[in-house]
1. Could you say whether any residue in region 69-76 is small (Gly, Ala, Ser), out of contact with any helix residue (DSSP H, G or I) (no Cβ under 6 Å at 6 or more places or on another chain) and at pLDDT 95 or above?
2. For region 31-57, which residues satisfy the criterion of being touching a residue at least 24 places away in the same chain (Cβ under 8 Å) and either more than 29 Å from GLY95 (Cα to Cα) or outside any loop (DSSP other than H, G, I, E, B) (or both)?
3. Quick check on my filter: what residues within region 1-58 are of a type in the set (S, T, N, Q) and under 21 Å from LEU75 (Cα atoms)?
Amino acid sequence: MLSEIEKGLEGLRAKLDRIDEQLLDTLKARLECCIRIGLYKREYHIPMMQPHRINFVQERAARYADENGLSKEFLHNLYELIISETCRVEDIVIGNSENRRQDISSSLVDQKRKREELFNGDRDTNTSN
């Protein structure tokens, strides 16, 4: 039988798991939007790299950090990782055939399935956070 302290921690971890799942779903939606952007850029012969857009995204994250008491360095590093992946995906979409879009979409679906399996398996045994 769980003590009140353990129950409280279990409830907080369950909430954290739900937030993590929402975060991952949001990242997936962002990547899917980047696929559409890549297709648009390919159709209209727009270069993949748009440094002004990257600067805008990073500056917005820095403002958000200031306004919400978060670490600018953390958000900068997080967005560096996100931007790197979205550029990789856009490069595939722009540089290859329509079949690559399906490959990327299938990969995203597979990743979601694996994540759900991981979340479902970890809910009973998770001890971190």
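1. Yes: one or more hits.
2. Result: LEU31, GLU32, CYS34, ILE35, ILE37, GLY38, LEU39, LYS41, ARG42, ILE54, VAL57.
3. GLN22, THR26, GLN50, ASN55, GLN58
Every residue, every condition in (1) part of a helix (DSSP H, G or I); (2) exposed (fewer than 14 other Cβ atoms within 10 Å of the Cβ); (3) modelled with pLDDT of 65 or more, yes or no:
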{"site": "LYS28", "(1), (2), (3)": "yes, no, yes"}
{"site": "ARG60", "(1), (2), (3)": "yes, yes, yes"}
{"site": "GLY121", "(1), (2), (3)": "yes, yes, no"}
{"site": "THR127", "(1), (2), (3)": "no, yes, no"}
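The values are calculated or read from the model by the stated rules, or taken from the named source; none is laboratory data. What you are looking at is a predicted structure, and each value in this text was computed from that prediction instead of being measured. Here the Cβ is made from the backbone with ideal geometry for all residues, glycine too, and neighbour counts use every protein chain on show.
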